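Each remark here refers to the structure printed beneath this line.
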Amino acid sequence: MPLVRSKGSLLLVLVALLAIALLAPTAAAADLPGSAVWCILDPCPQAPADLVAKANAQLKTVFGPGPGVCGDGVCDTSRLETCASCPADCGTCSQKAPVTKCTRPGVVALSFDDGPSQFTRSIIELLNKEKIKATFFTMGMQLLKPEQAAVTKFAFDSGHVIGSHTWQHRSLLTSQNDLTGFKKSTAKGFMSLNALRVEMIFTDMMIEKTIGKRPRLFRPPYFEWTSKAMAWLDTSGYRVVNINVDSKDYMLPAGSKPANVMDLLKAEFAKATTEGSWIHLQHDVIGFSAEAVGQVVKFFREKNLQFVTVNECIGEADPYKSVAIPYLAPGLQARNYKGPPAQLPVTPLPPTSPAPAGLTTGNAPAAGVTGKALKPMPAAAMALSLATTPEHLVEDMAANGGNPATPAGPSGTVTDPTTNPMGDAGNAGGAGSAVSGGNGGASDKNNNGKPAANNGVVAAANSAWIALLVVVVMGLAM
């Protein structure tokens with residue numbers, strides 16, 4: 001007998017744990033992971049908490065509760081669907097390798113990486129004086145400093161273009177196999193696609209906080225990339241741009257002179273004269289390189305080249321992303337989450353007639369009918385059931401001997417977020433009941449366009465599990 005009771009107690013605990021697991025809210029897979037997953041710096045420069053919360057809310061709105069299923073019509077980059085892994089939802093990949101030259105001859109695009117820094121403002125002022133527009137590929141973590149964010153705003157307000165250069169200048173290489181054909185190893189570990197997602201989103205949001213726009217242009221650190229990274233970047237709406245004339249200022253020792261930068265630049269340009277158009281690189285975090293910008297401008301002018309921004313160089317009219325859905329490429333904007341299908345109108349049933357003799361709507365059989373009433377739930381099982389049941393069901397179950405209530409809940413109104421899923425607020429969804437919950441409508445203004453968490457399908461599924469658990473517990477108790 002003690003052994004039987006031990007097994008019964010164990011089963012009761014397991015059932016309770018299963019019920020709790022089923023009813024506990026689960027984090028959406030779209031949520032951005034913590035710094036342990038993506039950050040390699042110690043200490044890690046964290047994105048502001050309000051931006052993280054905003055990003056998670058937007059991702060749930062645009063991509064829904066998941067799971068991401070190829071073929072469901074949602075190009076779910078938050079769950080790493082791409083044009084390569086799921087063309088049915090995400091279309092055909094349009095960029096399989098970074099751009100390295102301009103679309104028309106006779107032009108040069110000046111570009112600067114790794115800033116902003118204390119040297120960036122002097123570069124902007126010189127270019128403004130020369131009436132030249134350049135492109136600055138910015139690191140997200142650099143914008144955590146207000147004085148450096150102000151420099152980026154100054155560049156934007158002056159007509160220069162702001163691009164992304166990741167959060168912490170981490171290589172995009174994902175495994176040792178990726179090193180073939182690349183120039184640099186990754187001593188601090190390889191980057192997962194999920195880590196890339198975090199780096200890009202955080203950098204975009206810091207740039208948006210600074211200038212009011214999110215960049216489309218992206219330069220991978222060390223010029224390193226993979227086919228999987230390119231597919232995710234392409235699907236997410238980025239244009240990936242490398243270079244074909246490198247000043248190699250980063251190879252010079254501290255204390256070098258602007259003349260040293262020019263010597264390297266001229267040598268690199270001589271190797272690329274047949275290119276016909278050029279994308280140049282300097283680093284605005286290197287003081288002696290910043291001092292060489294005036295000589296660089298003079299050199300290219302002597303070659304009779306026209307100065308353009310990087311987006312103009314590659315034929316992109318707008319270097320910034322869509323405000324409505326900044327997580328998908330322009331051609332994929334409509335492939336976002338639209339919410340669950342609205343429930344069909346329910347036709348009211350005709351008034352019920354009195355129950356025929358011998359039948360009853362309660363727990364006890366009618367007089368003269370063979371059988372017995374449902375046995376009330378034992379106290380222990382009742383306590384477990386009520387403890388693991390959503391609050392709005394407890395009262396019904398307690399009043400019904402522990403048996404789930406049956407009326408269907410009302411349906412909420414679903415707001416169609418086809419045009420802008422982060423736009424107008426919707427109505428709250430129906431509360432639902434033990435057996436069939438109401439269809440959740442769009443949520444409040446902080447999560448616009450996303451169906452309410454108490455979706456009818458979820459409520460019904462959970463209630464079915466609750467009913468099953470109640471039966472199992474009753475059986476154990478008997």
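The values are calculated or read from the model by the stated rules, or taken from the named source; none is laboratory data. In this text, all values refer to a predicted model and were calculated from it rather than measured experimentally. So basically every Cβ, Gly included, is an ideal-geometry build from the backbone, and we count neighbours across all protein chains shown. What goes into the accessible areas is simple: the full protein's heavy atoms, side chains included, and nothing from ligands, DNA or RNA. Shrake-Rupley method; radii C 1.70, N 1.55, O 1.52, S 1.80 Å.
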(request) Identify all residues within segment 272-295 that are of a type in the set (D, E) and not in a loop (DSSP other than H, G, I, E, B); write none if there are none. (result) E275
(request) May I ask you to list the residues in segment 188-213 that are open to solvent by less than 10 Å² (accessible area, probe 1.4 Å) and touching a Pro at 6+ places or on another chain (Cβ under 7 Å)? (result) V198, D204, I207
(request) Go through V308, V285, V293 for me and flag whichever is out of contact with any Lys or Arg (no Cβ under 8 Å at 6 or more places or on another chain) and within 21 Å of S164 (Cβ to Cβ). (result) V285
(request) Could you tell me which residue of segment 255-276 is farthest from F300 (Cα to Cα), considering only residues that are small (G, A, S) and either more than 39 Å from the chain's Cα centre (by Cα) or modelled with pLDDT under 95 (or both)? (result) G255
(request) Of all residues in segment 42-80, count the ones that are among the hydrophobic types (A, V, I, L, M, F, W, C) and open to solvent by less than 50 Å² (accessible area, probe 1.4 Å). (result) 11
(request) Scan T235, T226 and give me the residue that is touching a helix residue (DSSP H, G or I) at 6+ places or on another chain (Cβ under 8 Å), closer than 26 Å to T103 by Cβ and at pLDDT below 95. (result) T226
(message) Filter segment 236-254 down to the residues that are open to solvent by less than 60 Å² (accessible area, probe 1.4 Å) and over 38 Å from the mean Cα position of the chain (by Cα) and list them by number.
(response) L252
(message) Could you check segment 99-144 and list, in sequence order, the residues that are at negative phi, open to solvent by 20 Å² or more (accessible area, probe 1.4 Å) and in a loop (DSSP other than H, G, I, E, B)?
(response) T100, K101, T103, R104, P105, Q118, F119, K133
(message) Please verify whether T203 is among the polar types (S, T, N, Q), over 39 Å from the mean Cα position of the chain (by Cα) and in a helix (DSSP H, G or I), treating the condition exactly as stated.
(response) no
(request) Look at segment 296-318 and say how many of its residues are open to solvent by 30 Å² or more (accessible area, probe 1.4 Å), under 13 Å from L110 (Cα atoms) and part of a helix (DSSP H, G or I). (result) 3
(request) Name the one entry in K209, K213, K228 that is under 23 Å from P330 (Cβ atoms), under 19 Å from the mean Cα position of the chain (by Cα) and not in a helix (DSSP H, G or I). (result) K213
(message) So, restricting to helices (runs of 4 or more DSSP H) that lie completely within segment 1-76, which ones have at least 2 residues that are at pLDDT below 90?
(response) 2-23, 35-38
